[in-house]
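Every read-out reported here was derived from the displayed coordinates using simple, explicitly stated rules and does not represent laboratory data. Computed from a predicted structure; not experimentally measured. Cβ atoms come from the backbone with ideal geometry, glycine included; neighbour counts cover every protein chain shown.
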Amino acid sequence: MASFLDNLYWRFATKQFDPVRAVSEADLKSVLMAIRLAPTSLGLQPFHVYVVSDQSLKEKMRPVAFDQAQVTDAKYVLVFCADLDIEKKIEGYIKAAASGGASAAIQQGRRERFKQFLAGKNEAELLTWASKSTYIALGFGLAVCAELNLDSCPMEGFTPAKIAEVMDLPVHHKPLVFLAIGYRLHGPAYNKVRLSEDDLFTFV
Ligand SMILES: Cc1cc2nc3c(=O)[nH]c(=O)nc-3n(C[C@H](O)[C@H](O)[C@H](O)COP(=O)(O)O)c2cc1C
């Protein structure tokens, strides 16, 4: 069986997806579960993901995504948005923790700590904060795709404001990055390009 690292080597940012081959519901669920399980700042999961499979919507998205073929050919395009309705995230967290057994006092303490941490941040700062956790969730999604031998492409090549318009997103959902999922038509055109360990790591 291929190891996790073998699978990370196997994966590549797929450009040409097979528009016909379906992705199983079980595999899609696993990808979404990995995204849910990703660690996030304060545990608040400040993102929302749209799982787009509707072909007519994908066709409207492609022209505002630099006409990249992955948008229409991949079976699913996961649109990762920063979710700036943080009040709702806080209340969602408190509710989920309460159902996990957190006492009323613990809940109130957490609520106050969250609010303190976020107080005074403007929208740009909140967006930066939310984006960092969103990209970790993207990374978990990419990794589980590799484990499932499901092809994927992370994509920032789109105009966020246009995507928000085409998808009719609520104003607090800010599109950041896509994860296109499906099956490759061909292997990668190039060998993997990575910087050397010396370029990336310093042992001290
Ligand atoms: C944040 C991010 C945005 C990216 N945007 C695009 C994109 O819009 N279109 C695309 O074809 N590839 C995109 N890529 C893929 C990268 O070009 C690719 O991951 C990188 O060259 C390394 O190659 P590999 O993933 O095939 O190993 C993106 C990757 C990341 C992480």
**Fill in**
Semi-axes of the range 1-115 from the Cα gyration tensor (sqrt of 5 times each eigenvalue, largest first, whole Å) come to 35, 19, 12
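For M33 and E156, calculate 0.36 nm times their separation in residues minus their Cα-Cα distance, and state this gained length in nm to one decimal.
Stretched fully, the M33-E156 segment lengthens by 42.1 nm.
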**Message:** Using the basic label-point model (7 angstrom from Cα toward the beta carbon), what is the L127 to Y9 distance in nanometres?
**Reply:** 4.0 nm
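About the Cα centre, and with charges only on the beta carbon of Lys, Arg (+1) and Asp, Glu (-1), how big is the dipole of the chain? Nearest 20 debye, please.
Working: 23 positive and 23 negative charges, 80 e Å.
Here the size comes out at about 380 debye.
Could you please rank S53, S103, placing first whichever residue has the fewest other Cβ atoms within 10 Å of its Cβ?
S103, S53
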**Message:** Using alpha carbons only, how many angstrom separate the centre of the range 182-204 from the centre of the range 46-111?
**Reply:** 28 Å
**Prompt:** How far is helix 123-147 tilted off the main Cα axis of the chain, in degrees rounded to 10, range 0 to 90?
**Reply:** 50 degrees
**Request:** Return the single residue from G92, G141, G182 with maximal mean-square fluctuation; model: Gaussian network over the chain, springs between Cα atoms under 10 Å.
**Result:** G92
**3J(HN,Hα) from dihedral phi, the range 51-56, Karplus parametrisation 6.51/-1.76/1.60, rounded to Hz, x for glycine, proline** = 9, 9, 10, 5, 5, 5
**Asked** Anyone know which of A13, A96, A161 comes out most mobile in the 10 Å Cα GNM of the chain?
**Response** A96
**Asked** Hey, rough spin-label estimate for E165 and Q108, points 7 angstrom out along Cα→Cβ, what's it come to in nanometres?
**Response** 4.8 nm
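Dividing the convex hull volume of the Cα atoms of the range 68-204 by its residue count, what figure in Å³ per residue is obtained? Don't jump to the answer; show the numbers that get you there.
Numbers: hull volume 28.2 nm³, N = 137.
Per residue, the Cα convex hull of the range 68-204 comes to 206 Å³.
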**Candidates P188, P170, P39, ranked by Gaussian network fluctuation over the chain, Cα under 10 Å, top entry** = P170
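Mind checking Rg over Rh on the range 81-148, alpha carbons, Kirkwood formula for Rh? Walk me through the numbers before you get to the answer.
Values: Rg = 14.7 Å, Rh = 13.7 Å.
On the Cα set of the range 81-148, Rg over Rh gives 1.07.
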